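First the structure, in the form of structure tokens, and then the observations on it.
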Amino acid sequence: MSVYQNYIKAFVDVIESQSDLFSAQDWRELNQLASNVPNDDEEIAGKIENWLESESRSQILQAYEERLKALDVSSKIDFNGNLGPGKSTSSTPANQPSESSKEMLENAIKKNSPLLSPPPTRETQN
């Protein structure tokens, strides 16, 4: 995994595990960001880093940096044959394309954004 993929993965992990850190305004901006995500990992990582620079997102930035450190530690290469982080193997079946960084970010935002959740339906009683 490239350093840029680690940045994206760390941010996606924060979205998925600590979505309560994000305000309604953050979700609006993230939804807009998701609709304009480039295909290049370096550009995506740059957009994430730029988005995190706002002072109002200091808690999100802290969670992101902690997750990034954890990913960095767990992704060290083990030359005894276990190349995945934490001695894991790929969850992608053989001969299947992996989810791109762009898709991973878009899907995490869509899945976790309270703005995109359908409103609860009320059944009216007659």
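Values computed for the structure shown
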quantity	calculated
Answer from Glu43, Glu16, Glu55 - the residue that is more than 16 Å from Glu103 (Cβ to Cβ) and either at pLDDT below 95 or not small (Gly, Ala, Ser) (or both)	Glu55
Every pair of residues 6+ apart whose Cβ atoms lie under 8 Å, when the first sits in the range 1-22 and is of a type in the set (Asp, Glu) while the second is part of a helix (DSSP H, G or I)	Asp13/Arg67; Asp13/Leu71; Glu16/Ala108; Glu16/Lys111; Glu16/Asn112
Number of the condition not met by Lys110 [criteria: (1) closer than 20 Å to Ile8 by Cβ; (2) open to solvent by 80 Å² or more (accessible area, probe 1.4 Å); (3) modelled with pLDDT under 85]	(3)
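The values are calculated or read from the model by the stated rules, or taken from the named source; none is laboratory data. On a predicted model such as this, the values are computed, not experimentally measured, just so you know. For neighbour counting, all protein chains shown are included, and Cβ atoms are generated from backbone atoms with ideal geometry for every residue, glycine included. All accessible areas refer to the heavy atoms of the entire protein, side chains included, with ligands and DNA or RNA removed. Shrake-Rupley method; radii C 1.70, N 1.55, O 1.52, S 1.80 Å.
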